[in-house]
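We did not get these values from a lab; they are worked out from the coordinates using the rules stated. Remember, it's a predicted structure, so these values are computed and weren't measured experimentally. Virtual Cβ from ideal backbone geometry, glycine too; neighbours counted across all protein chains shown.
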Amino acid sequence: MQVHQIYRQQSLALTVDEAWRFFSSPHYLNQITPDFFNVEIKSAVPDSIYSGLMISYQMKAVAGFPMAWLSEISHCQYPNYFVYQQREGPFKFWSHEVRISETATGINVEDIVFYTMPFGWLGELMHGLLIGKKLQAIFDTRRDYLQQKMGG
């Protein structure tokens, strides 16, 4: 089993509170992801996230096929970080930590993702041919959107 990692860091001209409201809300996912991702939130989401919160989604990330995803906010410390982990979904394992820290000109946001593919060697083959590139495109789109709208 290969553990894959995505790490991104970006400085933005936001206050810590603005950053927290934006990044901790799943309602902005379609704004910061490519059109192919097409996220639909299926469960009620409160204004403030908390540890233990479960969020149900449907997305069409690969070839337009709908996929269910159930995530849990496993750790949450306002306004510094939260971690959401896939409980049900397309990956064997998925953990995404979002860290927010204050800087002299705004905030620094870090994304730290660890994931593993299902289906053994076949999953790794799909990762090499398609999934890894799609994940990079998701985070590239996110970076570009954030820089354009909130860049420092």
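Could you check the range 24-75 and list, in sequence order, the residues that are on the phi < 0 side of the Ramachandran plot, small (Gly, Ala, Ser) and part of a loop (DSSP other than H, G, I, E, B)?
Hits for the range 24-75 are Ser24, Ser25, Ser43, Ala44, Ser48, Ser51.
Starting from residues that are of a type in the set (Phe, Trp, Tyr) and over 13 Å from Pro79 (Cα atoms), keep the ones in the range 4-42 and report whichever is surrounded by the most Cβ atoms within 10 Å (Cβ to Cβ).
Here the answer is Phe37.
Would you point out the residue of the range 46-72, among those that are among the β-branched types (Val, Ile, Thr) and crowded, with 18+ Cβ neighbours inside 10 Å, that is nearest to Gly106 (Cα to Cα)?
It comes out as Ile49.
Filter the range 81-140 for residues that are hydrophobic (A, V, I, L, M, F, W, C), over 25 Å from Gln31 (Cα atoms) and either out of contact with any strand residue (DSSP E or B) (no Cβ under 9 Å at 6 or more places or on another chain) or in a helix (DSSP H, G or I) (or both) and give the result.
Across the range 81-140, the qualifying residues are Ala104, Phe119, Trp121, Leu122, Leu125, Met126, Leu129.
Select from the range 77-96 the residues that are more than 17 Å from Tyr57 (Cβ to Cβ), crowded, with 17+ Cβ neighbours inside 10 Å and free of Cβ contacts under 8 Å to residues at least 40 places away in the same chain and list them in ascending order.
The answer is Tyr81, and nothing else.
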